Amino acid sequence: MTHNLEHGMRLVVASHNAGKVWEIKQLIAPFGLDAVSAGDLDLPEPEETETTFAGNAKLKALAAAKASGLPALADDSGLEVDVLGGAPGIYSARWAGPSKDFSLAMTKVAEEVSARHGWAAPGPRANFICRLCLAWPDGQTEVFEGRVDGVLVWPARGGNGFGYDPMFLPDGKGQTFGEMEPAEKHAMSHRSRAFALFKAAKLEGLAHTADCEASHGAGAYEGLAAAAANLSTQAELGTFVANLRSDLKTNGAEWENADLESFLEAVQAWITDSRTLEEEPRWRLLAKALLAGSRYE
Ligand code: ITT
């Protein structure tokens, strides 16, 4: 007998990628599950030693379930490019190096494609893939799969999303994942397709609550924090600043520093207090400083 999820249950989102955690929390929010991330619980990040997406998804979910005593949901995902023999594949995160700079990773993919194939229209075939694993502290696991096909474009386009989104154009669409509004990406992504199978198998009995309205307000800051923690490109910083401005308009009451003087004071304090983060992509550092300006005390 497989275990079942129940309303109000606490579920660990076993990922240390802020962009993924935010997307998964958004997907789970309407089902009355209390989602906490591995980072919220200070769980260590396990080394991904398996050779398949499913193997790594299980490894991450089991590590979090055993360490926390809670059911855990992990995602192992990546970009596969046909002319690169499926690379970067399970190494998608590692192509971005220790600083997780996806502007470097995308450039590396573009260079490899140039060397082996070139960029003639309609562009090289590629797909995103996701394996979602639900694991329980007793070792039980279930894996769900999602995939989305398309082509790569270069130069990359758009400042939404994360990772390789700006260079992926899904079949039948005129915008890359980086150009789409988040809701449009969520409606068709590899992650939401895997999530749909997870939902059919594990969340069917759980009422779809209206709490998602409320969670969207609270989610606005989390969404900004996820973007600031992940962004790598100049275009992503531009989108981030636009979203920060609209957060000031709609959630200004939550800002500690809503006037320019105190905002700049907080930016300055954050820069002074932060340890040196030279290895971070500079656009990300700037985003973090601006976000700190809004709420840093
Ligand atoms: P966790 O293992 O902690 O979850 P990670 O970023 O290391 O975080 P993976 O090992 O699964 O995750 O690496 C997947 C990488 O594939 C991820 O870092 C992205 O660069 C890329 N990727 C996955 N889903 C993506 C998406 O929806 N859009 C853009 N890039 C994506």
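The values are calculated or read from the model by the stated rules, or taken from the named source; none is laboratory data. Remember, predicted model here, so these are calculated numbers, not experimental data. We place every Cβ from the backbone using ideal geometry, glycine too, and count neighbours over all the protein chains shown.
Laid out as a table, the results:
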{"read-out": "Answer residue from the range 209-249, given it is β-branched (V, I, T) and modelled with pLDDT of 85 or more and is surrounded by the most Cβ atoms within 10 Å (Cβ to Cβ) among those", "value": "T233"}
{"read-out": "Those residues of the range 15-34 which are within 14 Å of the ligand (Cβ to nearest atom) and over 15 Å from F198 (Cα atoms), in sequence order", "value": "S15, H16, N17, A18, G19, K20, V21, W22"}
{"read-out": "Pair list, Cβ < 6 Å and 6+ apart or interchain, from the range 24-50 residues that are within 23 Å of W95 (Cβ to Cβ) to residues that are among the small types (G, A, S)", "value": "A38/A14; A38/A64; P46/A63"}
{"read-out": "Sole residue being more than 29 Å from E279 (Cβ to Cβ), surrounded by fewer than 20 Cβ atoms within 10 Å (Cβ to Cβ), basic (K, R) and modelled with pLDDT under 95, chosen from R116, R125", "value": "R116"}
{"read-out": "Unmet requirement for T141, which otherwise passes all of (1) more than 27 Å from R284 (Cβ to Cβ); (2) of a type in the set (S, T, N, Q); (3) within 12 Å of the ligand (Cβ to nearest atom)", "value": "(3)"}
{"read-out": "Counted residues, the range 233-265 - those being farther than 26 Å from D101 by Cβ and part of a helix (DSSP H, G or I)", "value": "14"}
{"read-out": "Filter result for G158 (modelled with pLDDT of 95 or more, at positive phi and within 13 Å of the ligand (Cβ to nearest atom))", "value": "yes"}
{"read-out": "Residue within the range 56-66 that is away from the ligand (no atom under 11 Å from the Cβ), surrounded by fewer than 20 Cβ atoms within 10 Å (Cβ to Cβ) and without any contact (Cβ under 8 Å) to a residue 40 or more places away in the chain present", "value": "no"}
{"read-out": "Single residue of the range 90-118 satisfying the filter (near the ligand (Cβ under 9 Å from one of its atoms) and in a helix (DSSP H, G or I)) that is nearest to D165 (Cα to Cα)", "value": "F102"}
